[in-house]
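The values are calculated or read from the model by the stated rules, or taken from the named source; none is laboratory data. It should be emphasised that the depicted structure is a prediction, and the values quoted were computed from it without experimental measurement. Ideal geometry is used to build each Cβ from the backbone, glycine not excepted, and the neighbour counts take in all protein chains shown. All accessible areas refer to the heavy atoms of the entire protein, side chains included, with ligands and DNA or RNA removed. Shrake-Rupley method; radii C 1.70, N 1.55, O 1.52, S 1.80 Å.
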Amino acid sequence: MKAKSESAEKTRQNLLAAATNVIRTKGYTATTVDDLCSYAGVTKGGFFHHFKSKEDLAIQATDYFAKMAQGLFTGAEYNKLQDPLERLLGYIDLRKNILQGEIYEYTCLLGTLVQETYNTSPSIRAACRKHMDEHIDEITKLVSEAKEAHCPDASFSAKSVAAFTQSVLQGSFILAKAQDSPLVACESVEHLKNYINSLFIK
């Protein structure tokens, strides 16, 4: 019974990983259940045992992707830095450093999904917003700590800076897709770093 349960969970995880990678590669609309099953190495019966539909899988994949991303950020070296501004800039450096490999490997599942489905699937849009908001809250914490340490009287809002950071990152992914190159994304993130650093210059 335990082995059967573990096998079922492995199938589910394989499908979540398939959704994360195939949708980032092909887009949500172009991705079929057959594509997902082929990538995951499972049958359609296995697919529908775990998920009601492609939409259901996409919604659950947002949780899978967000958890994976959170693990990357939580375990990153910048968290060990003493100066909160250095931690904030270290976060941005990490975002630049991971702009490598195939485009699907570094672009955001949430951004890919919400661009296509914001007006056709309220459920997917809500799932994407939830996780985007959660990540903006994490960035807000970094900005707030840096602001308190370096310029507590500055007029800028930590949350608005965090939202701006997220918008630059998501926009840089779109440009990378358009140009089929991470170079423009790297340059955008470097400009973002310079801008944020300028907020703390006294």
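Taking the range 10-53 as the range and being open to solvent by 20 Å² or more (accessible area, probe 1.4 Å) and either aliphatic (A, V, I, L, M) or within 15 Å of THR112 (Cα to Cα) (or both) as the test, the residues that pass are ALA17, ASN21, ARG24, THR25, LYS26, TYR28, THR29, ALA30, VAL33, VAL42. Listed by position, the helices (runs of 4 or more DSSP H) enclosed by the range 22-77 that each have at least 1 residues that are polar (S, T, N, Q), modelled with pLDDT of 95 or more and closer than 25 Å to HIS135 by Cβ are 54-74.
Please go through the range 145-202 and give me each residue that is more than 16 Å from the chain's Cα centre (by Cα), within 17 Å of THR112 (Cβ to Cβ) and of a type in the set (D, E, K, R), ordered by number. Across the range 145-202, the qualifying residue is only ASP180.
Being touching a residue at least 12 places away in the same chain (Cβ under 8 Å) and in contact with a Ser or Thr (Cβ under 8 Å, 6 or more places away or on another chain), is that true of even one residue in the range 78-97? Yes, some residue in the range 78-97 is touching a residue at least 12 places away in the same chain (Cβ under 8 Å) and in contact with a Ser or Thr (Cβ under 8 Å, 6 or more places away or on another chain).
Being over 25 Å from ALA185 (Cβ atoms) and in contact with a Leu (Cβ under 7 Å, 6 or more places away or on another chain) is a condition met by no residue of the range 63-80. On the basis of being closer than 19 Å to LEU16 by Cα and either among the polar types (S, T, N, Q) or at pLDDT below 95 (or both), does SER123 make the cut? So SER123 passes the test. The lone criterion from (1) open to solvent by 20 Å² or more (accessible area, probe 1.4 Å); (2) modelled with pLDDT of 95 or more left unmet by TYR104 is number (2). Sub-7 Å Cβ pairs linking a first residue in the range 163-179 that is closer than 16 Å to GLU134 by Cβ to a second residue that is outside any helix (DSSP H, G or I), at least 6 apart or interchain, are GLN170/CYS108, ordered by first then second residue.
Criterion first (surrounded by fewer than 18 Cβ atoms within 10 Å (Cβ to Cβ) and either under 22 Å from TYR64 (Cβ atoms) or within 14 Å of the chain's Cα centre (by Cα) (or both)) does ILE98 satisfy it? In short, yes. Any residue at all in the range 76-88 that's surrounded by fewer than 17 Cβ atoms within 10 Å (Cβ to Cβ), on the phi > 0 side of the Ramachandran plot and of a type outside the set (Ser, Thr, Tyr)? No, the range 76-88 contains no residue that is surrounded by fewer than 17 Cβ atoms within 10 Å (Cβ to Cβ), on the phi > 0 side of the Ramachandran plot and of a type outside the set (Ser, Thr, Tyr). In this structure, does LEU85 turn out to be closer than 22 Å to GLN166 by Cα and in contact with a Cys (Cβ under 8 Å, 6 or more places away or on another chain)? No; evaluated as a whole, the condition is false for this residue.
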